[in-house]
Amino acid sequence: MAEERDDVEVAWARIVADYDREVTDPVSRWPVQEDLPDPADESAADGSTASEAPAAATRPEAADEDLLVPLGSSAAAADADADDESRQSDLDDQAELEESDSDHHFIPPDPPPLGRPDPLMGIAWGGVFGGPAMLMLAAALGITLPSVVITACLIGFVGGVIFLVASMDDGPGRDGWDNGAQV
């Protein structure tokens, strides 16, 4: 146990001692043929200065006169019209494709209308939320409510909770048999 601890401490001391040492990687990180030449070395070999090299590299060698068309000319307008027509035909093709795809997709039917709400449920929910809300609002505003109103709020809350719990549905019969998913 002591030998392992000494080995760990020696290894840690070696790591700490070599922390500031410059790393020399004996293996190249990528193939040498992919190395980019240093721009300063190229300009020195050509006899030019470093500031001249980028300008010479970005200057076009020769311009093809057939490709240069003035913007206001009829040739430029014809090219623009041809591009617009090809774009429009591409949009038409895409719209036809979307229409044909929509023919094969399932479109669900409209849901049935919602049933009429049960008025007793509305009264119960009103008691569950309305009673405490009225008491909290009165307390926040510093209003003293008569004891009849406080009692009505408490009875509405308790009665609403009891009614909602009593009217909860237990779901399907729990006889232990499940017939699986139904479609």
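No value in this document is a laboratory result; all are computed from the given coordinates. What you see is a predicted model, and the numbers here were worked out from it, not measured in a lab. Cβ atoms come from the backbone with ideal geometry, glycine included; neighbour counts cover every protein chain shown.
Can you give the FRET efficiency to the nearest 0.05 for residue 154 and residue 118, using r as the Cβ-Cβ distance and R₀ = 35 Å?
Numbers: r = 23 Å, r/R0 = 0.67.
My answer for the efficiency is 0.90.
Between beta-carbons, use under 13 Å as the cut-off and find the net charge around residue 11, counting Lys and Arg +1, Asp and Glu -1. Walk me through the numbers before you get to the answer.
On the way: positive: 5, 14; negative: 3, 4, 6, 7, 9, 18.
Taking every Cβ under 13 Å from that of residue 11, the sum is -4.
Given a Förster distance of 45 angstrom, what is the FRET efficiency for residue 107 paired with residue 163, based on the Cβ-Cβ distance and rounded to 0.05?
Working: r = 41 Å, r/R0 = 0.91.
FRET efficiency, residue 107 to residue 163: 0.65.
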